[in-house]
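Here it is: the structure, laid out below.
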């Protein structure tokens with residue numbers, strides 16, 4: 001039996017119509033969409049399948065939508081013959097995707113995860129309005145030099161996505177200053193991101209403080225499947241550690257490169273990206289080309305799994 005890790009994408013992977021094939025073909029997946037509608041008290045499924053696109057893109061909808069589609073695809077995987085050929089040892093997710101990882105590992109129930117995602121998104125939006133900021137992706141620039149420039153300019157690193165792709169974050173003026181310095185120092189490409197705020201920065205700390213309260217009383221169960229956290233790229237071993245890391249994750253750097261390298265160090269050679277898009281597969285190709293990443297976006301992907 002092959003040991004694998006399940007990985008889950010973050011915000012930005014959403015697209016209108018995602019998961020429709022699972023809804024139509026797999027009863028276990030359809031049940032996930034219907035459960036999401038019941039928890040949220042509105043027809044999220046209709047927004048996912050029909051849009052309009054600008055509504056799906058709004059933080060209030062895209063975060064629950066990506067999570068719901070990912071969990072529907074996961075249930076389809078679990079219901080397939082292929083799932084009996086593997087042993088899930090680890091889960092991980094990029095930013096929002098960490099909530100999919102927690103749910104998939106059995107740490108959180110689907111209902112509690114969805115409510116926490118809804119609360120997290122609302123608090124982050126509130127913090128972004130109170131202290132506006134911006135983010136930019138930097139392609140092809142030395143990591144240590146970038147960290148140094150950010151410190152000098154007064155901004156921060158949001159995501160270490162791949163060795164050659166790092167996202168910076170903070171108030172508009174410091175981020176703009178850092179972008180200019182990076183370009184002058186030979187950065188290949190600096191791309192301003194179309195986001196609502198300075199996520200994964202200290203500007204999000206008020207959201208994190210309020211989210212800590214939202215976590216109180218939510219049952220957390222540690223299982224045999226280890227969840228690798230964005231905060232320190234290591235498995236979370238206790239409920240107390242999870243309660244500490246989830247608020248921290250809102251304003252800390254996403255350590256995706258180190259998370260993938262940790263999984264490789266544990267003997268994982270195959271990862272299954274569950275949810276919309278293939279963003280994680282592209283990043284992992286740059287982090288460790290020896291790793292195999294398989295995607296589950298539509299039912300046909302299940303049959304293509306090499307297990």
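The values are calculated or read from the model by the stated rules, or taken from the named source; none is laboratory data. It should be emphasised that the depicted structure is a prediction, and the values quoted were computed from it without experimental measurement. Note that we place each Cβ from the backbone using ideal geometry, even for glycine, and neighbour counts take in every protein chain shown.
Return yes when residue 41 is surrounded by fewer than 22 Cβ atoms within 10 Å (Cβ to Cβ) and under 15 Å from the mean Cα position of the chain (by Cα) and no when it is not.
Working: surrounded by fewer than 22 Cβ atoms within 10 Å (Cβ to Cβ): yes; under 15 Å from the mean Cα position of the chain (by Cα): no.
In short, no.
Okay, moving on. Has region 61-77 got any residue that is assigned by TED's automatic domain parsing to the domain that holds residue 39 and outside any helix (DSSP H, G or I)?
Going residue by residue through region 61-77, those that are assigned by TED's automatic domain parsing to the domain that holds residue 39 are 61-77.
Right, trim to outside any helix (DSSP H, G or I) and you get none.
No, there is no match, as no residue in region 61-77 is assigned by TED's automatic domain parsing to the domain that holds residue 39 and outside any helix (DSSP H, G or I).
While we're looking at this one, here's another question. From the list 66, 47, exactly one residue is within 18 Å of the chain's Cα centre (by Cα) and at pLDDT 95 or above. Which is it?
Going through 66, 47 in turn, just one is within 18 Å of the chain's Cα centre (by Cα) and at pLDDT 95 or above: 66.
Take the residues in region 283-295 that are surrounded by fewer than 18 Cβ atoms within 10 Å (Cβ to Cβ) and touching a strand residue (DSSP E or B) at 6+ places or on another chain (Cβ under 8 Å); name whichever of them is farthest from residue 205 (Cα to Cα).
292
When you look at residue 153, is it over 21 Å from residue 209 (Cα atoms), touching a strand residue (DSSP E or B) at 6+ places or on another chain (Cβ under 9 Å), touching a residue at least 24 places away in the same chain (Cβ under 8 Å) and not assigned by TED's automatic domain parsing to the domain that holds residue 187, yes or no? Spell out how you get there, then give the answer.
Values: over 21 Å from residue 209 (Cα atoms): yes; touching a strand residue (DSSP E or B) at 6+ places or on another chain (Cβ under 9 Å): yes; touching a residue at least 24 places away in the same chain (Cβ under 8 Å): yes; not assigned by TED's automatic domain parsing to the domain that holds residue 187: no.
Judged against the criteria, residue 153 is not a match.
Collect the residues in region 22-38 that are closer than 11 Å to residue 76 by Cα and crowded, with 18+ Cβ neighbours inside 10 Å, keeping them in residue-number order.
22, 23, 26, 29, 30, 32
Is it true that some residue in region 137-157 is closer than 19 Å to residue 282 by Cβ and surrounded by 19 or more Cβ atoms within 10 Å (Cβ to Cβ)?
Yes - at least one qualifying residue is present in region 137-157.
A further question on this structure: Residue 106 is checked against (1) modelled with pLDDT of 95 or more; (2) surrounded by fewer than 23 Cβ atoms within 10 Å (Cβ to Cβ); (3) in a helix (DSSP H, G or I) and fails just one. What number does that condition carry?
(3)
Among all residue pairs at least 6 apart or on different chains, which show Cβ distances below 7 Å where the first residue, located in region 77-90, is free of Cβ contacts under 8 Å to residues at least 12 places away in the same chain and the second is in a helix (DSSP H, G or I) and buried (at least 17 other Cβ atoms within 10 Å of the Cβ)?
Hits for this filter: 83/77.
Does residue 219 satisfy the criteria of being touching a residue at least 60 places away in the same chain (Cβ under 8 Å), surrounded by 18 or more Cβ atoms within 10 Å (Cβ to Cβ) and farther than 22 Å from residue 12 by Cβ?
When the stated conditions are applied, residue 219 does not pass them.
Condition first: at pLDDT 95 or above and under 10 Å from residue 70 (Cβ atoms). Now tell me which residues in region 8-20 satisfy that.
Once the filter is applied, which keeps residues that are at pLDDT 95 or above and under 10 Å from residue 70 (Cβ atoms), region 8-20 yields 8, 9, 18, 19.
Only one of (1) over 30 Å from residue 253 (Cβ atoms); (2) touching a strand residue (DSSP E or B) at 6+ places or on another chain (Cβ under 9 Å); (3) in a helix (DSSP H, G or I) is not met by residue 82, so which one is it?
Every listed condition holds for residue 82 apart from (2).
Now, a different point. Quick check on my filter: what residues within region 194-212 are at pLDDT below 95 and exposed (fewer than 15 other Cβ atoms within 10 Å of the Cβ)?
Result: 194, single match.
Here is a further query. Got at least one residue in region 296-304 being surrounded by 22 or more Cβ atoms within 10 Å (Cβ to Cβ), touching a strand residue (DSSP E or B) at 6+ places or on another chain (Cβ under 8 Å) and either under 30 Å from residue 129 (Cβ atoms) or assigned by TED's automatic domain parsing to the domain that holds residue 70 (or both)?
yes
Going by what's in this entry, would residue 97 be described as under 20 Å from the mean Cα position of the chain (by Cα) and either buried (at least 23 other Cβ atoms within 10 Å of the Cβ) or in the same structural domain as residue 264 (by TED's automatic domain parsing) (or both)?
In short, yes.
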